[in-house]
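Notes follow the structure.
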Amino acid sequence: TANNLEGMGCELAHLHLKGQRSKRPFCCHYSEIGLKMDLWMSFCSVAGQLVFENFLRTEYSEENLLFWLACEDYKKITNETEMTVAASRIYKEFVQVDAPRQINIDCGTREEISENISQPGPNCFNRAQRLIYGLMENDCYPRFLKSEIYQTLLEQAE
């Protein structure tokens, strides 16, 4: 709803929908938002992610985005000790069975991560991250595009 968006102080930038564009500043960055999830995720990161996360929260599936973001942060870690600590946190929060924010991945992927979590590498969550990204892109994101919160954004951009 519009009330959910007011505190963000942001507007859509270069909204690209059905071939039409609207140029407005969005958090002092310029990007292009289209009907593809990768574009949505990359535009002005924080604000776009907050809007999408709010939508996912209404569907009780915000763990997908939070896991994806945690994996993106994890990939930036270069220190082995920090990587081990971060991998353990991600595993306990999202991957292990009965985790507080357990993501929906197949048992093979979950087992692969479980087997490698004691000595995690930079790619230890890649398979799970791809699965969750696909789930968001093909399931959550199309519903988001039809949601009231997204429609409100479109109206505000006009």
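One table, with the values for the structure above:
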{"item": "Sole residue being on the phi < 0 side of the Ramachandran plot and crowded, with 19+ Cβ neighbours inside 10 Å, chosen from Ile77, Ile105", "result": "Ile105"}
{"item": "Options Glu111, Glu115, Glu148, Glu158: the member that is within 17 Å of Leu50 (Cα to Cα) and exposed (fewer than 15 other Cβ atoms within 10 Å of the Cβ)", "result": "Glu148"}
{"item": "Any hit, the range 136-145, residues being at pLDDT 95 or above, assigned to a helix (DSSP H, G or I) and surrounded by fewer than 19 Cβ atoms within 10 Å (Cβ to Cβ)", "result": "no"}
{"item": "Residues of the range 74-130 that turn out to be in contact (Cβ under 8 Å) with a residue 12 or more places away in the chain, within 16 Å of Ser61 (Cα to Cα) and of a type outside the set (A, V, I, L, M, F, W, C), as a count", "result": "5"}
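The values are calculated or read from the model by the stated rules, or taken from the named source; none is laboratory data. Remember, it's a predicted structure, so these values are computed and weren't measured experimentally. All Cβ positions, glycine included, derive from the backbone under ideal geometry; neighbour counts span all protein chains shown.
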